[in-house]
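Shown next, in structure tokens, is the structure this report addresses.
Just so it is clear, none of the values below were taken in a lab; they were calculated from the coordinates. Predicted model, so just to flag it, every value in this text is computed and none were measured. We place every Cβ from the backbone using ideal geometry, glycine too, and count neighbours over all the protein chains shown.
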Amino acid sequence: MPSLIVEPLNTQHFIMDQDDRKRNKNIGKNFMCRLQCMFSHSSSSESRLSLEDTQQWSQSLEKLLESKYGMATFRNFLKSEYSDENIEFWLTCEDYKKIKSSFRMSSRAKKIYEQFIKAESPKEINIDYHTREQIKRNVKTPTIHCFDDAQKIVYGLMERDSYPRFLRSDIYRTLLENLATDATKG
């Protein structure tokens with residue numbers, strides 16, 4: 001009768017941990033390459049992803065969103081969790097506020113309402129009934145401020161929920177580790 005050699009569970013777990021670490025390291029390296037390729041139109045050292053910049057992302061959501069690499073990384077993280085509607089809404093509102101033409105503003109306000117605000121919309125954001133109804137009224141005669149309340153709510157949700165998850169994520173931690181390793185290599 002052939003004997004079965006069974007590895008102790010903790011050895012298998014250790015091997016899996018090593019494999020996961022290698023995979024995460026590769027994921028981090030690949031992600032860094034993709035990020036740098038996205039923004040490679042400028043080759044100056046200040047436009048490159050740096051360890052200092054990446055570490056600053058943990059100071060606040062605002063710092064993260066101010067960084068082009070931080071924004072791209074956060075968006076990719078949210079997409080990986082199928083929860084990118086909040087950042088998409090927030091960014092859409094930022095763009096909306098830059099509109100000067102009242103015709104374009106009216107058209108864009110309706111699109112934003114249909115896409116993010118309306119109940120059962122494709123990318124419905126999590127806001128209260130009162131805010132949803134207020135926006136429904138605001139969209140009839142839109143101003144640059146008609147989505148401000150919803151944008152504040154969404155920012156707060158990201159700050160309390162998505163952002164802390166991002167800071168604990170493998171994407172962010174692996175990116176930090178890879179940049180730290182690269183920095184020590186010179």
task: At a temperature of 4 °C and a viscosity of 1.567 mPa s, determine how fast segment 62-181 diffuses translationally according to Stokes-Einstein, using the Kirkwood radius over alpha-carbon pairs as Rh; express D in µm²/s, rounded to the nearest whole number.
output: 85 µm²/s
- prompt: What's the FRET efficiency of Phe103 with Asp148 using the Cβ-Cβ distance as r and R₀ = 25 Å, to the nearest 0.05?
  reply: 0.75
query: What is the extension gain from Thr131 to Thr181, computed as 0.36 nm multiplied by their sequence separation minus the C-alpha to C-alpha distance, in nm to one decimal?
result: 13.3 nm
message: How much length would be gained if the chain were fully extended between Glu94 and Ser60, taking 0.36 nm per residue of separation minus their Cα-Cα distance, in nm to one decimal?
response: 10.4 nm
query: Which entries in Lys63/Lys110; Lys63/Lys111; Lys79/Lys185; Lys63/Lys98 show an alpha-carbon gap greater than 27 Å?
result: Lys63/Lys110; Lys63/Lys111; Lys79/Lys185
